[in-house]
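Below is one structure; the comments refer to it alone.
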Amino acid sequence: MSAPLSAIWVIARRDLSTRARSKAFRISSAVMLASVILGIVIPTVVLRGTTTYTVAVVGAADEPLPPLVAAQAKAAGVMVTVREVSDRAAGVALVDAGTAIAAVAPGEVIWKNAPNTRLAPVLDAALARVAIGQRAQTLGLTPAQLGSLVAPAAPTVTRLHPAPDKGPQTVIALVGMILLFVALNFYGAYVLTGVVEEKSSRVVEVLLARVRPAQLLAGKVLGIGLLGIGQFLALAVVGAVTLRIVKPANLPAGAVPLIGVVVLWFVLGYTFYSIVYGALGSLASRTEDAQTATAPLSAVMAVAYFGAFTAIGKPDAWWVTAGSLFPPTAPTFMPLRAGLTHVPAWQMGLAVLLMALAIIGMVQAGGRLYRGAVLHTGGRLRLRQAWHQTH
Amino acid sequence: MLEIDGVSKTFGTLRALDGCRFTAVPKRLTGLLGPNGAGKTTLMRCLLGLVNPDEGTLRWRGAPVSEAVRRRFGYMPEERGLYPAMPVAEQVDYFARLSGVPRGAAQAATRAVIDRVGLTSVADRKVEQLSHGNQQRVQLAVALVHNPELLVLDEPFAGLDPVGVDTLAGLLRSLADEGATVLFSSHQLDLVQHLCQDVVTVDHGRVVLAGSLEALQAGSDRRYVDVVFAGPPTPGWLDCLPYVAVTGDDRHARMVVGPEDDLDVVLRAAQAAGPLLRFDFQPPTLEEMFREAISR
């Protein structure tokens, strides 16, 4: 490894290990892991958590009533266990004991105190089918004739503005975007405090007597970035394993490629924003000044965040497309668009290219600011001063 | 040998360095003197690449000072700075690695330098848990760990107690004896006079006095003759001498004599004035030369 690269790596390793060992990082990682697991497990359990009703049905399995109850329940999406009983009295006993929620005898539904609103229509429909069968027999209709008589109409459905159900995708895109925004802020703040700490503890002069400012900033961005990607990967793996174990029923297709898009934009967005954070952080001499120094950046990030929220409603609007190409807003807009609508490959490619160019530009500009400002002590430096500072 | 050749630097309207020119040689301690704001720190920062001079050249062993050359320099800035929460040994090792020392060698060098500055017992403690004096030692260890050929120390003695001063002075002396070139700034002129072979005085960004202490003293206009009589001397004995007595009571006179003046004349006049207890010829102290240099 050449000397400049090896210095960057030495710096990156220190920043990575120092942060990884910190209590704040461990606690936040534990909280995030727990949120991912609970975020998958709880909705799955809640959605699956419809109770199975036990219904006592008078008659053996070869009689029409028991299979009809089961069939009607299945059609209505109500979980029902059919318990065959020999006569009405046995059914009443089960209902009275609370073993069965209801009992069905020919032409009669028995409840303990009040009918269950979900189950009552199912049982009524089953009895109605039995009654229809009996009347059809009286009228002399063959089962085939009866079948064609009660067959559903199957109407043609016309959708004037067809759109696929985007509910689950919206949730994933939104969660991905929020996670990404939180992560960008979290790791950006690490870079920011790292830069300010080195400046306020004056160790920066000792460092810069050995390495160039660009190496120092690059090492810091790399080390903290690897930590962030590592944490993201850990979350993704835990999330994937949890998904396999609990198997949620309605996991939408396209979730996995979308996670890929989120990770890609995390890497790009982090690189872009952390360099800006580092450069602006170098303007502050003390931790107290850091907030003021990064105020413009916070404003840009707020626009990127709330703009993306507004974009959920109309992901195909022209300004959403523009925002997904514009580097400062692309990290939040693009994953959202990718989740909600079809993004042409050339647009994705263009957005990545523009972002790469913006990162290169930011390395130049940020490096210059950092170099101009990092050795300045005694109060906050203005952006313009730092830019024109020539050491 | 370190050569500073016509180095100038302007910050805005402030001419921080104005054509500085001097040399520092191996195996010798060079003291960098000057009032506050004279440009000492800027000069040191130029050497370490923290400030780019507008004009002039810095040369080390005849070659311009480049990034690769600077890796052989050690630096202790005036604003001491370390990672407060990082243990001593880990910190020293980190800076060794940043100076390009390979991993295994860095560990060995760290142990050696920690031992040398006397920090072995606290090597695993965090820097913020150490006393001020020990933190200074860590700072020095960081500057020394990569075995630098040139050591640049900005006010290394500031804030040390007398024992700490002696220890550091001994250490710098032994580093120079081992072949290092040592350049350090200080306001403690008696210490510099006692410790250094060479001095450089900077004022308003210009080098006003540079060279070996001996040569500077020998070449100074201000050499002193102290005359002490055993009893009251003949009144008015000084009148026949063209020199001004700078201090004195009736039994003691101090005179300033130039390099071209004849000391015999003074001696004969003094002997004629009464019995002598002492007749002393003294070069100027560094402090006197310093004051004279910066008042010009």
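Excluding ligands, DNA and RNA, what is the solvent-accessible area per residue of segment A:52-149 at a probe of 1.4 Å, expressed in Å²?
Values: 5610 Å² over 98 residues.
Ligands and nucleic acids excluded, the result is 57 Å² per residue.
Once you've got the GNM for chain B with C-alpha springs shorter than 10 Å, pick whichever of B:P26, B:P35, B:P275 has the biggest mean-square fluctuation.
Fluctuation is largest for B:P275.
Hey, any idea what % of chain B's accessible area is carbon plus sulfur with a 1.4 Å probe?
Heavy-atom surface of chain B belonging to carbon and sulfur, 1.4 Å probe: 51 percent.
Which percent of Cα-Cα pairs in the protein assembly as shown sits in each 10 Å bin, short to long?
Answer for the protein assembly as shown: a P(r) of 3, 11, 15, 15, 12, 10, 8, 7, 5, 5, 4, 2, 1, 1, 1, 0, 0 percent.
If one puts a single equal scatterer on every Cα of segment B:84-132 and applies the Debye formula without solvent, what log₁₀ I(q)/I(0) results at q = 0.17, 0.25, 0.27 Å⁻¹?
For segment B:84-132, the Cα-only Debye profile gives -0.45, -0.89, -0.99.
State the percentage of accessible surface on chain A attributable to carbon and sulfur atoms; use a 1.4 Å probe and exclude ligands, DNA and RNA.
It is 67 percent, rounded to a whole number.
Treating cross-link reach as a plain straight distance, find the aspartates and glutamates whose alpha-carbon is under 13 Å from the alpha-carbon of A:K199, omitting any fewer than eight places away in the same chain.
Result set, ordered by chain and number: A:E288, A:D289, B:E79.
Tell me which residues come under 5 Å, amide H to amide H, from B:Q188 once H is placed; ignore anything under 5 positions away on its chain.
Counting only residues 5 or more places away or on other chains, the set is empty.
Can you tell me the Rg and Dmax of segment A:76-200, counting just the alpha carbons, in angstroms?
Answer for segment A:76-200, Rg first and Dmax second: 29.4, 97 Å.
Between A:V41 and B:A68, how many nm apart are label points set 7 Å from Cα along the C-beta direction?
Using points 7 Å along Cα→Cβ, the separation is 5.9 nm.
Could you give me the ³J(HN,Hα) list for segment B:114-123, computed from phi with Karplus coefficients 6.51, -1.76, 1.60 and θ = phi - 60°, whole Hz, x at Gly and Pro?
5, 5, 5, 8, x, 10, 3, 6, 10, 4
Would you work out the relative contact order for chain B, in percent, from Cα pairs under 8 angstrom that are 6 or more residues apart?
Relative contact order here is 21 percent.
Under a 5 Å amide H to amide H cut-off, with H placed in plane at 1.01 Å, what residues pair with B:K9 once short-range neighbours are removed?
Here the answer is B:A16, B:L17, B:D18, B:G19, B:D54, since their amide H atoms fall under 5 Å of that of B:K9.
Nearest 100 Å², what total accessible surface is buried between chain B and chain A (probe 1.4 Å)?
Numbers: alone 14520 and 21320 Å², together 33330 Å².
Roughly 2500 Å².
Using a Gaussian network model on chain B with a 10 Å cutoff between Cα atoms, which of B:Q129, B:Q107, B:Q217 fluctuates the most?
The residue with the greatest mean-square fluctuation here is B:Q129.
When the Cα centres of segment B:160-220 and segment B:31-47 are compared, how far apart do they sit, in Å?
Answer, in whole Å: 13.
Mind jotting down a quarter of the surface of the convex hull over the alpha carbons of segment B:188-273, in square nanometres, one decimal?
Mean projected area of the Cα convex hull: 7.5 nm².
By a straight-distance test (C-alpha under 19 Å), which lysines pair with B:K40 as possible cross-link partners, with residues fewer than eight away in the same chain excluded?
Answer for B:K40, where 19 Å is the Cα cut-off: B:K9, listed by chain and number.
Tell me, Kirkwood radius of segment A:165-388 from alpha-carbon pair distances, in Å?
When all Cα pairs of segment A:165-388 are included, the Kirkwood radius is 18.4 Å.
What residues does segment A:184-204 have that are buried by at least 50 Å² of accessible area in the full protein assembly compared to the chain on its own, 1.4 angstrom probe?
A:R202, A:V203
Once you list every other residue whose beta carbon is under 13 Å from the beta carbon of B:E55, what net charge do they have if Lys and Arg are +1 and Asp and Glu are -1?
Once positives and negatives cancel, what remains is 0.
As a test of the formula, what do you get for chain B when each DSSP H run with n ≥ 4 contributes -39,500 (n - 2.57) and the sum is divided by the residue count, at 222 nm and rounded to the nearest 500 deg cm²/dmol?
Rounded to the nearest 500, it is -10000 deg cm²/dmol.
Sort all Cα-Cα distances of segment B:133-266 into consecutive 5 angstrom bins from zero, then give the percent of pairs in each bin up to the one containing the longest distance.
Bins of 5 Å from zero give 2, 8, 14, 15, 12, 11, 9, 9, 8, 6, 3, 2, 1, 0 percent of pairs.
Before rounding to the nearest 500, sum -39500 (n - 2.57) across all DSSP H runs of length at least 4 in chain A and divide by the residue total; then give [θ] at 222 nm in deg cm²/dmol.
On the way: 16 runs with 275 residues, N = 391.
Here the helix-only value at 222 nm equals -23500 deg cm²/dmol.
The values are calculated or read from the model by the stated rules, or taken from the named source; none is laboratory data. Since the structure is predicted, the reported quantities are computational estimates derived from the model, not experimental observations. Positions of Cβ are generated from backbone atoms using ideal geometry, with glycine treated the same way; all protein chains shown enter the neighbour counts. Areas reflect the complete protein model, heavy atoms only, side chains present, ligands, DNA and RNA absent. Shrake-Rupley method; radii C 1.70, N 1.55, O 1.52, S 1.80 Å.
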